[in-house]
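Here's the structure, in structure tokens; my notes come after.
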Amino acid sequence: MTWQEIYSELQKSISFLDKISFDERDLLRMANISQREIVDYTNCTKKTNSTATSTAGTGEYAKPTDYVKMLRVTYNSKPITNISKKDLDLASLRADISNPWTDDSDTPNYYYEDISTIGFYPIPDATGKTISFEYVYRCADISALTDVPFDGLINMLPYHQYLIYHVLWNIYLSLGANYLPQAQSYERNYKEGMKLIVRSMNNNPDQLITFSLIKPRRNNNTYIVPGVLP
């Protein structure tokens, strides 16, 4: 659906409300709020950004500006494991790694997240290595009548109706107790739709279900299992 089609559907759904109206600006604002919430809840948008490169001695790098949630990080084409600063701090206190752990410099095996940056442990000791972020991203807001929600992603075309349900849920909820049954009906439809989207995002017939992990050979770095300190 385009925004024009969605707007028409919304207008038809609320046209019988006596002396209550919502102009396009109000409905567009609610639709964009709904789009953002659906992305946050379902992780339905994904992209890879490989524009960052390492700088020797620099441990933290900016997240992409449209970042919502990190899914995978690679350093020089090698996937690395997520870890928390807390685990690094504890390992440092146990003397399993340097104190402070920011003194360790080598090829990174782990990454941690701050609000706007991704940090590496150990700190990169090389310049020019490609850093890739695979992540859930924030769609562009809908603005024009011809815009298609979710950046026009093909996998989301069957689910535009749930954006409409979310807007109608909030409209009827705002109208008070007399409209609570309608609000609850749209709420149920919306939440069932979110479950359907999540299932479809996780449905990968080619995914390997049963596998064995081979522990990498140790080098000069101490390998840490997140949550299980050495």
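In table form, for the structure just shown:
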| item | result |
| --- | --- |
| Modelled FRET efficiency - R0 41 Å, Thr102 with Arg29, Cβ distances, 0.05 increments | 0.40 |
| Cβ-placed point charges (K, R +1; D, E -1), dipole of the range 54-143 about Cα centre in debye, nearest 20 | 260 |
| Entries in Lys12/Lys191; Lys46/Lys86; Lys85/Lys195; Lys19/Lys195; Lys19/Lys191; Lys12/Lys46 that, when Cα-Cα distance is taken, lie over 26 Å | Lys46/Lys86; Lys85/Lys195; Lys19/Lys195; Lys19/Lys191; Lys12/Lys46 |
| Efficiency of FRET from Cβ geometry, Glu5 and Ala177, R₀ 25 Å, rounded to 0.05 | 0.20 |
| Computed over the chain, Cα set: Rg, Dmax in Å | 23.2, 73 |
| Net charge of neighbours whose Cβ lies under 9 Å from the Cβ of Ile118, counting Lys and Arg as +1 and Asp and Glu as -1 | -2 |
| Residue-averaged 222 nm ellipticity for the chain, from DSSP H runs of 4+ at -39500 (n - 2.57), nearest 500 | -11000 deg cm²/dmol |
| Sum of side-chain charges, Pro100 neighbourhood, beta-carbon under 12 Å (Lys, Arg +1; Asp, Glu -1) | -2 |
| Distance in nm between pseudo-label sites at Asp18 and Leu157 (7 Å out along the Cβ direction from Cα) | 4.3 |
| Computed label-point distance, nm, for sites Asn189 and Met201 using a 7 Å Cα→Cβ extension | 2.2 |
| Alpha-carbon spread of the range 39-95, three principal axes, descending order, Å | 41, 29, 20 |
| Projected-area average for the range 47-136 over all orientations - Cα convex hull basis, square nanometres | 5.2 |
| HN-Hα J in Hz across the range 136-151 - Karplus 6.51, -1.76, 1.60, θ = phi - 60°, x for Gly and Pro | 7, 10, 7, 5, 5, 4, 6, 9, 9, 4, 8, 5, 10, x, 6, 6 |
| Taking all pairs of distinct alpha-carbon atoms in the range 118-186, Kirkwood radius in angstrom | 16.3 |
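We did not get these values from a lab; they are worked out from the coordinates using the rules stated. From a predicted model like this one, the values you see are computed outputs, not experimental measurements. Glycine also receives a Cβ, built like all others from the backbone with ideal geometry; neighbour counts cover every protein chain displayed.
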